[in-house]
1. Just the residues that are crowded, with 21+ Cβ neighbours inside 10 Å and under 26 Å from residue 189 (Cβ atoms), please, taken from the stretch 99-109.
2. Tell me whether the stretch 217-232 contains one or more residues that are more than 26 Å from residue 14 (Cβ to Cβ) and either assigned by TED's automatic domain parsing to the domain that holds residue 122 or not in a helix (DSSP H, G or I) (or both).
3. Can you say whether residue 109 is in contact (Cβ under 8 Å) with a residue 12 or more places away in the chain and either out of contact with any helix residue (DSSP H, G or I) (no Cβ under 7 Å at 6 or more places or on another chain) or under 23 Å from residue 30 (Cα atoms) (or both), as far as the supplied structure shows?
4. For the stretch 114-207, list the helices (runs of 4 or more DSSP H) that sit wholly inside it and hold at least 3 residues that are surrounded by 19 or more Cβ atoms within 10 Å (Cβ to Cβ) and assigned by TED's automatic domain parsing to the domain that holds residue 91; which are they?
5. Sort out which residues of the stretch 33-81 are assigned to a loop (DSSP other than H, G, I, E, B) and more than 27 Å from residue 119 (Cα to Cα), and write them in order of number.
6. Name the residue, out of 91, 99, that is over 25 Å from residue 247 (Cβ atoms) and more than 17 Å from the chain's Cα centre (by Cα).
7. Are any of the residues in the stretch 25-45 without any contact (Cβ under 8 Å) to a residue 40 or more places away in the chain, crowded, with 20+ Cβ neighbours inside 10 Å and over 23 Å from residue 225 (Cα atoms)?
């Protein structure tokens, strides 16, 4: 198997294991996941988060803007084996026919890449059933690697915490100085630097769009790091869960929302 393809298969497996072990139980603390309920994942990537729901018998829809990711999702989760799966390659803002359809909407490590986050959260209200829930997980922008600099080819930059907090022009210049290609630089600037989100701003967007947060958890060690780095997940201790500073050492936030 080609190394690049193999790495994506590994990422799919990591997502699958994390979803099954951590994401599903988090949701089920507040919302039962039953057979035949309708699930939507926004930004489904290769589909690793979809498979656990398929295994439970849910009706699952995944939307992804990148054709290459949808192609691999169809390979990793063959629709001939999973007739309860629908995969859509489209910009989420252009999707139609979703009104009042879904019991659970998932967004994991996606909202921090969306240009108009308020518009999307408003739009998702119309897709959610009256008793439905939205699961959101995202890395706060100011956490040590909130700029996704681990994408850099430079070993120095990829391991440099808080690099992305430099002024925009300086950050772009350093990326170029260390030999990052134009595609990587543009991705880090336009899809991460310009769209990164704090927990407080996210909570503000939820309030403006009339969502109640019924469940939330701040992690010092992201649950995904268990399968990826063999690190045990750690929640923020109460003394460190201070709104003004917690984003600086929170690697991910899990939230469950309902309409009000």
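The values are calculated or read from the model by the stated rules, or taken from the named source; none is laboratory data. From a predicted model like this one, the values you see are computed outputs, not experimental measurements. Because the Cβ atoms are built from the backbone with ideal geometry, glycine has one as well, and the counts that use them run over all protein chains shown.
1. Of everything in the stretch 99-109, those that are crowded, with 21+ Cβ neighbours inside 10 Å and under 26 Å from residue 189 (Cβ atoms) turn out to be 107, 108.
2. Looking for residues that are more than 26 Å from residue 14 (Cβ to Cβ) and either assigned by TED's automatic domain parsing to the domain that holds residue 122 or not in a helix (DSSP H, G or I) (or both), one finds none in the stretch 217-232, hence no.
3. Yes.
4. 117-127
5. Once the filter is applied, which keeps residues that are assigned to a loop (DSSP other than H, G, I, E, B) and more than 27 Å from residue 119 (Cα to Cα), the stretch 33-81 yields 33, 34, 35, 36, 56, 57, 58, 77, 78, 79, 80, 81.
6. 99
7. Looking through the stretch 25-45, none of the residues is without any contact (Cβ under 8 Å) to a residue 40 or more places away in the chain, crowded, with 20+ Cβ neighbours inside 10 Å and over 23 Å from residue 225 (Cα atoms).
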